[in-house]
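Please read the structure below before turning to the comments.
The values are calculated or read from the model by the stated rules, or taken from the named source; none is laboratory data. Here the structure is a predicted model, which is why all the values come from computation and not from measurement. Positions of Cβ are generated from backbone atoms using ideal geometry, with glycine treated the same way; all protein chains shown enter the neighbour counts.
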């Protein structure tokens, strides 16, 4: 199996919504973003699959060393081997890769987050850094697009947190800030023991509204000139906002079941969004 094939398999096996946004990219960008996504999956799997935190830290340190080998053009892992061309072509910063790993390591330091201040740092590292690297791959002219990428990355992570409340609780993890649990009269044990309470839907609705705010700010930052280049991110935003709407329509019962979209529905949203952005670009070209 070649490094490229390894990354493609890693992306496809995850079943992630990101996979559907990659389908509408030119092949060179698609290979680069798939390798970047595979890197994120590899370091995330270290934390999720390693029961011993000491062993997980050793493995994450190996990945830090591997990132340095990547930038010295001596990578050992299939994922980093697939990334060699991407970092040269798209000028991806070494610091961003290392910060993603720092974010994953926060999962070993925090089983829960005291406030949104700590959680926002986590989102910045594990999601917004990936967004900033993705923007470099897709291309941009206006630097406001970097702000779009940062806000959108946080929006995606906040949506994941709401969707995965039950799965995270099963691992003994709580990503919703503890001070906000207290504000809504919900205890950590209520989540960890899958014990719905009267105020829980209000707590989750508050989390949903915060995520929506990040989506709105992200799109406000995105200049018209860069919209078509950033269509993969816009596809992801459309898929994730639909997921958020489904969670809302279900009454925020995320502690009882995991809400998800079918692959066919994700593909339909992706196609529809890509088509809309292509039509928007044509209108802009005609106008100019």
Could you check how many residues of region 4-36 are touching a residue at least 60 places away in the same chain (Cβ under 8 Å) and in a helix (DSSP H, G or I)? 13
Being more than 15 Å from residue 118 (Cα to Cα), in contact (Cβ under 8 Å) with a residue 40 or more places away in the chain and assigned to a loop (DSSP other than H, G, I, E, B) is the filter here; which residues of region 173-194 pass it? 194
If I ask for residues that are surrounded by fewer than 20 Cβ atoms within 10 Å (Cβ to Cβ) and more than 28 Å from residue 173 (Cα to Cα), which ones from region 91-108 would you list? 91, 93, 94
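Yes or no: region 171-178 includes at least one residue that is loosely packed, with under 15 Cβ neighbours inside 10 Å and more than 20 Å from residue 245 (Cα to Cα). Explain how you work it out, then say what you get.
Of all residues in region 171-178, those loosely packed, with under 15 Cβ neighbours inside 10 Å come to 171-172.
Those left that are additionally more than 20 Å from residue 245 (Cα to Cα): 171-172.
Looking through region 171-178, at least one residue is loosely packed, with under 15 Cβ neighbours inside 10 Å and more than 20 Å from residue 245 (Cα to Cα).
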Mind listing whichever residues of region 37-67 are crowded, with 16+ Cβ neighbours inside 10 Å and not in a helix (DSSP H, G or I)? 50
Number of the condition not met by residue 98 [criteria: (1) outside the structural domain of residue 238 (by TED's automatic domain parsing); (2) within 11 Å of the chain's Cα centre (by Cα)]: (2)
